[in-house]
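Peer 1: Quick one: the structure is below, questions incoming.
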Amino acid sequence: MDLDTARQELEEFIPHVKNISDSSIKKMAGRDLMRFKEFKKQGIAVKFGRFTQKENKQIQKNVEEFLSLTGIDSAEKLLFTSRYPEDKDTIHRLKTEHHFCEKISEGIPRPWRLIYYRARKMFDPNNYKGRYTKEEKEKLKKYQALHGNDWKKISELMSRSNLSVAMKFSEIKSAINYGPWTKEETQKLMNAVKEVMRRKLKTENPSSLSSLEQSSTDPWIEREKLYQQLPWTEIETKVGSRYWRQCKQKWNSILTSKLTKGQQLYRGSNGLQAKINLIKRLYETKAEDASEVNWDELSNAIGDVPRAYVQAKFYRLKVSSVPLWKRKTFSEIIYYLYEKKLPELEEKL
């Protein structure tokens, strides 16, 4: 299949395919296109975003079955073959002979690359090592000075995942301010977000850039709802005095304030009604896992706020209202809120 035909056929399943590189299109045509067509016949849409518990279990099942089939003795060897140079050739041969790509993605309507990355995250023992010790932090600073931002190299030296060492270094690389945000810091954050938003708009929809340039703060901020994923480590660098997680939390706070225009959504009768609406909407979704919920749509249940705001309110609601909530599934938590908490809130209102 030629490149243009592959891109055209993939567009049915992946709307943003025009932004994908030619080399990735070729790989997806081989690994994913037939799978996507099969899922379409079954009436199943291709999915993106967070993996559900059901999908995680399917990945675990696929990996375990592939290990049984090939005799490879650990998921780490299968998914992190470079850590075992003496077994590398044998493992690569077994992967090829037993169709690793097809087996690992069986039953999951997502691009193979996303499934593979998810499997690596699930089965990497370096992801579950807890807090960094003082000695590890010092080592991390030393290795970064020697190797720059080669996180793959540093992760091997530290026996931590790539993402873990990169994010931890972003937290400790400079003196971070933990106090209230100053006006100057807030303005730097606003400017940094606007800069990366402008770049995104220019890449994905050049015609919308003129309205962004001419806008005041509020109309521009509305657009953030379309672009949930922002490069927070880059924004952190531009702000300078806060690490990425603080920047993200502050931005959500600013966004909520602007979108609600100062309205106190969670006080008095408005607060009760917001909780009632949220519980009812969650119950209507019949979702078995939080990742199956469209949080953007749910934001209408309590006002024009970002998804992070809705998720935070749901978290507080379940912690304060559902006994032993950690032992319950997502659907059990929603059922409890609907059966027990909702009548109580309606009576108060």
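The values are calculated or read from the model by the stated rules, or taken from the named source; none is laboratory data. Not measured: the values here are computed from a predicted model. Positions of Cβ are generated from backbone atoms using ideal geometry, with glycine treated the same way; all protein chains shown enter the neighbour counts. Keep in mind that these areas ignore ligands, DNA and RNA; they rest on the heavy atoms of the full protein, side chains included. Shrake-Rupley method; radii C 1.70, N 1.55, O 1.52, S 1.80 Å.
Peer 1: Skip the ligands, DNA and RNA, and give the accessible area per residue of the stretch 98-182 with a 1.4 Å probe, whole Å². Don't jump to the answer; show the numbers that get you there.
Peer 2: On the way: 5080 Å² over 85 residues.
Normalised by residue count, the accessible surface of the stretch 98-182 is 60 Å².
Peer 1: At a 10 angstrom cut-off on C-beta neighbours, averaged per residue, how do the peptides 283-290, 309-316, 127-134 rank from highest to lowest? Could you put the intermediate results ahead of the total?
Peer 2: Numbers: 283-290: 14.4, 309-316: 18.0, 127-134: 10.2.
In descending order of packing, they fall as 309-316, 283-290, 127-134.
Peer 1: Can you give me the distance in nm between label points at T182 and D89, each placed 7 Å from the Cα along the Cα-to-Cβ direction?
Peer 2: About 6.2 nm separates the two model spin labels.
Peer 1: Let me ask another. Note down the nm distance, to one decimal, between modelled labels 7 Å out along Cα→Cβ at E65 and at K153.
Peer 2: 4.1 nm
Peer 1: Using the structure shown, select from K121/K286; K47/K326; K168/K248; K168/K194; K139/K168 the pairs with a Cα to Cα distance greater than 20 angstrom. Can you show the working numbers first?
Peer 2: On the way: K121/K286 28 Å; K47/K326 27 Å; K168/K248 16 Å; K168/K194 25 Å; K139/K168 12 Å.
From the list (K121/K286; K47/K326; K168/K248; K168/K194; K139/K168), the Cα-Cα distance tops 20 Å for K121/K286; K47/K326; K168/K194.
Peer 1: Students often forget the sequence filter, so: which aspartates and glutamates lie under 12 Å Cα-Cα from K250 once same-chain residues fewer than 8 apart are removed?
Peer 2: Once the sequence-local aspartates and glutamates are set aside, what remains near K250 is E185, E236.
Peer 1: Still on this model: Roughly to the nearest percent, how much of the accessible area of the stretch 134-173 is carbon and sulfur, given a 1.4 Å probe?
Peer 2: 49 percent
Peer 1: List the chymotrypsin sites (Phe, Trp or Tyr not before Pro) within the stretch 1-97 that fall in a DSSP loop (any state other than H, G, I, E or B) and whose Cβ has at most 14 other Cβ atoms within 10 Å.
Peer 2: Answer in residue order: F48.
Peer 1: Of the accessible area of the stretch 3-123, with the probe set at 1.4 angstrom, what percent is carbon plus sulfur? The partial results should precede the final answer.
Peer 2: Details: 3610 of 7170 Å².
About 50 percent, which is the carbon plus sulfur part of the accessible surface.
Peer 1: Something else about it: Convert each backbone phi in the stretch 337-349 into a coupling constant with the Karplus relation 6.51 cos²θ - 1.76 cosθ + 1.60 (shift: θ = phi - 60°), then list the ³J(HN,Hα) values in order as whole Hz, x for Gly and Pro.
Peer 2: Using θ = phi - 60°, the values come out as 4, 5, 7, 9, 7, 4, x, 5, 5, 5, 5, 4, 5 Hz.
Peer 1: When the accessible area of the stretch 268-347 is computed with all protein chains present and a 1.4 Å probe, what percentage of it is carbon and sulfur? Please list the in-between numbers first.
Peer 2: Working: 1980 of 4410 Å².
Accessible surface attributable to carbon and sulfur in the stretch 268-347 totals 45 percent.
Peer 1: Okay, next question. Counting Lys and Arg as +1 and Asp and Glu as -1, what is the net charge of the other residues whose Cβ lies under 14 Å from the Cβ of E332? Before the final figure, lay out each step's value.
Peer 2: Working: positive: K286, K318, K326, R327, K328, K340, K341; negative: E288, D289, E339.
In short, +4.
Peer 1: So what J values fall out for the stretch 138-147 if you push phi through Karplus, 6.51 cos²θ - 1.76 cosθ + 1.60 with θ = phi - 60°, rounded to Hz, Gly and Pro as x?
Peer 2: Going residue by residue, I get 5, 4, 4, 5, 5, 5, 5, 5, 7, 10 Hz, with x marking Gly and Pro.
Peer 1: Averaged per residue, what accessible area in Å² does the stretch 268-347 show with a 1.4 Å probe, protein chains only? Kindly include the intermediate steps, with their values, before the conclusion.
Peer 2: On the way: 4410 Å² over 80 residues.
Dividing the accessible area of the stretch 268-347 by its residue count gives 55 Å².
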